[in-house]
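Taking it in order: structure first as structure tokens, then the write-up.
The values are calculated or read from the model by the stated rules, or taken from the named source; none is laboratory data. This is a predicted model, so every value here is computed, not measured. Quick reminder, even Gly has a Cβ in these numbers, built from the backbone with ideal geometry, and neighbours come from all protein chains shown.
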Amino acid sequence: MSQRFSTLLLGTVALAAGLAVSSCNTEKASASETENPAAAAEAMSGAAATAAEEKAATPADVTTTAPDPSSIPASAVGNAAAILARPQVPILCYHQIRDWRAKDSKGAKDYIVPVEKFKEQIKMLADSGYHTILPDQLYAYLTTGAKLPSKPVMLTFDDTDLDQFTVAKPTLDKYGFKAVYFIMTVSLGRPNYMSKAQVKQLSDEGNVIGSHTWDHHNVKKYQGQDWVTQIEKPTKTLEEITGKDIKYFAYPFGLWNPEAIPQLKQRGMVAAFVLAEKRDQQDPLFTIRRIIASGYWSPKTLHNSMVQSFDGK
């Protein structure tokens with residue numbers, strides 16, 4: 001608890017000073033998850049930010065310790081309209097990082113990024129001056145307008161695949177990048193999936209662990225005890241593994257419904273991530289957009305898709 005108190009204290013100080021898919025089986029994926037981000041960019045153009053928000057902060061301007069969401073006073077948190085008005089931060093979603101196999105379907109290759117292509121994509125981000133941010137930073141920015149590094153990007157990984165640890169992590173480490181790993185707990189310790197020790201190592205090294213349910217069951221179909229099985233118990237498991245609160249959630253297949261949001265809030269989540277569709281106008285923090293980084297994309301195509309999909313409201 002002393003570590004938790006220290007984190008809260010640092011966050012409060014920072015706020016006061018700154019305010020400134022193995023399981024994600026592509027055969028099961030919805031149309032919203034597989035759509036081209038460029039096509040999903042309707043109403044995404046013509047960002048109109050205030051001058052203060054448009055001014056990019058340099059890394060020196062920005063504290064690396066974002067306030068814990070629970071330490072941000074309610075009076076400082078903007079309403080849904082204010083959150084929706086802020087320019088979106090590009091958020092990429094990855095699944096498997098491995099070379100394509102003969103049996104991989106055309107659709108599956110959107111979710112499977114070959115190793116060299118992944119390395120090229122991450123190098124492009126580094127060479128282009130992007131800085132990775134983590135969810136607490138994003139939350140503070142969205143709710144209070146806190147400054148972010150110049151050219152922020154968030155990297156996220158779904159489903160607990162082992163190659164995220166053995167291939168993706170060393171690549172990110174090379175550039176000093178951190179990421180968010182949304183863990184499906186049923187897979188922990190199984191062949192080709194991460195172990196509890198590997199998840200803890202990711203957390204200990206400054207990455208963020210989020211929840212991705214127990215077994216990737218569609219949230220729109222939950223009834224009764226499903227909320228305990230799919231959200232409550234996996235959250236407790238991940239908190240026991242990491243020794244940290246689990247505050248962020250990614251919907252399986254990117255699918256959600258309004259009924260899910262109060263259930264997630266009751267179980268300690270402060271934000272949740274969808275895929276390419278529009279954000280909810282009442283609860284934008286629980287419908288934060290991501291795009292899938294396709295295995296077909298060159299670094300240039302990835303960059304173009306980021307710009308198209310996240311350039312506006």
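Considering S187, S195, the condition of being more than 20 Å from F273 (Cβ to Cβ) and out of contact with any Lys or Arg (no Cβ under 9 Å at 6 or more places or on another chain) is satisfied by S195 alone. Set side by side, the residues I122, I91 differ, and just one is surrounded by 22 or more Cβ atoms within 10 Å (Cβ to Cβ) and more than 25 Å from T213 (Cα to Cα), which is I122. Taking region 79-197 and the helices (runs of 4 or more DSSP H) fully enclosed by it, the elements with 3 or more residues that are modelled with pLDDT of 95 or more and over 17 Å from the mean Cα position of the chain (by Cα) are at 80-85, 115-127, 169-174.
Only residues that are buried (at least 21 other Cβ atoms within 10 Å of the Cβ) and in a loop (DSSP other than H, G, I, E, B) were counted across region 215-240, and they come to 1. Residues in region 256-282 that are over 22 Å from V208 (Cβ atoms) and assigned to a loop (DSSP other than H, G, I, E, B): N257, P258, E259, E277, K278, D280, Q281, Q282.
To keep it simple, each residue is scored yes or no on (1) surrounded by fewer than 21 Cβ atoms within 10 Å (Cβ to Cβ); (2) more than 18 Å from A271 (Cβ to Cβ).
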residue	(1), (2)
P135	no, no
L138	no, no
L155	no, no
P170	yes, yes
Y175	yes, yes
M184	no, yes
S195	yes, yes
K200	yes, yes
G206	yes, yes
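Inspect all residues belonging to region 267-281 and state whether any of them is touching a strand residue (DSSP E or B) at 6+ places or on another chain (Cβ under 8 Å), crowded, with 21+ Cβ neighbours inside 10 Å and modelled with pLDDT under 95. Yes, region 267-281 has at least one match.
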